[in-house]
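Working notes, beginning with the structure itself.
The values are calculated or read from the model by the stated rules, or taken from the named source; none is laboratory data. Keep in mind the model is a prediction, meaning the values are calculated, not measured. Here the Cβ positions follow ideal geometry from the backbone for every residue, glycine too, while neighbour counts run over all protein chains shown.
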Amino acid sequence: VWYSAPTAFRLLMARGVELASSYDLSSLRLILSVGEPLNPEVISWALKAYNQPIHDTWWMTETGMIMISNYPSMPIKPGSMGKPFLGVEAAILDDDGRVLGVNEVGNLAIKKGWPSMMKAVWRRGEKFKEYFRFDPWFVSGDAAYVDEEGYFHFIGRVDDIINTSGERVGPFEVESRLVEHPAVVETGVIGKPDPVRGEIIKAFVVVKEGVRESEELKRELIEFVKKGLAAHAAPREIEFVKELPKTRSGKIMRRVLKAKELGLDAGDTSTMG
């Protein structure tokens, strides 16, 4: 069983299928991903490279184990984190704690009572209460929605959602579209304050080895997002970088990107790899 992070899979994807085919993977039974959502493009690539899918999973340290996943017994829906584990009750809540319906974006929550879930936060009682502010629900801090088939889809951390010209845009959907471009390895997307639009979308982009960073490529990437998503979801600014700040588990630290962009203190960076 191979359990890794999306960052590692994206880097492997940038090397092409040749690298995967140079190893004997006959004993590999299952590939799983954790740390942050897995871009649909990576799942499609894995089917070609490894002749099997990558099973995305969702959980937190606070939940103690996998809560939602694409299990081997069910069809994988690229871009979805799957369905709740047997016995786990998950829902999408609005900002008042009401359960939302199909395809409505809100707060991803898990009903308390599962044995592996935390019972307290050491010396931080108020933090624990915040997690369970809509008792009996544990509020994860992730924005998501559930579709007609019961699959859960990650939109972004609640604090990362971008409000631009009256539209709410999740950074993950923009990042996923950019990663589909053949020049891009990975990207981190943030909202940047703007006096007219409220926020504009800015993308920090890592390109593949040998690709020339240019203004022409920036324009091409912007048009690529417009055609694949919508005009309001396209970045208005793109900056090429050599690497993205990540936690040790491979999560892109968007708040660090945003702090750097705005000239602010990045806060606690002890989890950076």
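The residues of segment 140-194 that are surrounded by 17 or more Cβ atoms within 10 Å (Cβ to Cβ), in a strand (DSSP E or B) and of a type in the set (S, T, N, Q), listed by number, are S140, T164, T187. If we scan segment 141-159, do we find a residue that is among the basic types (K, R) and farther than 15 Å from E36 by Cβ? So far as segment 141-159 goes, no, none of its residues is among the basic types (K, R) and farther than 15 Å from E36 by Cβ. Filtered by the rule that a residue be part of a loop (DSSP other than H, G, I, E, B) and closer than 26 Å to E180 by Cα, segment 78-109 gives P78, G79, S80, M81, N103, E104, V105.
Among the residues of segment 195-205 satisfying the criterion of being without any contact (Cβ under 8 Å) to a residue 40 or more places away in the chain and of a type outside the set (A, V, I, L, M, F, W, C), which is surrounded by the fewest Cβ atoms within 10 Å (Cβ to Cβ)? My answer is P195. Filtering segment 1-16 to residues that are among the polar types (S, T, N, Q) and surrounded by fewer than 17 Cβ atoms within 10 Å (Cβ to Cβ) leaves only S4.
Kindly indicate whether L32 is part of a strand (DSSP E or B) and within 18 Å of the chain's Cα centre (by Cα). In short, yes. Please go through segment 246-269 and give me each residue that is within 21 Å of I161 (Cβ to Cβ), touching a residue at least 40 places away in the same chain (Cβ under 8 Å) and not aliphatic (A, V, I, L, M), ordered by number. Within segment 246-269, K246, T247, K251, R254, R255, K258, E261 meet the criteria. Please determine whether any residue of segment 17-29 is β-branched (V, I, T), surrounded by 14 or more Cβ atoms within 10 Å (Cβ to Cβ) and at pLDDT 95 or above. No, because not a single residue in segment 17-29 is β-branched (V, I, T), surrounded by 14 or more Cβ atoms within 10 Å (Cβ to Cβ) and at pLDDT 95 or above.
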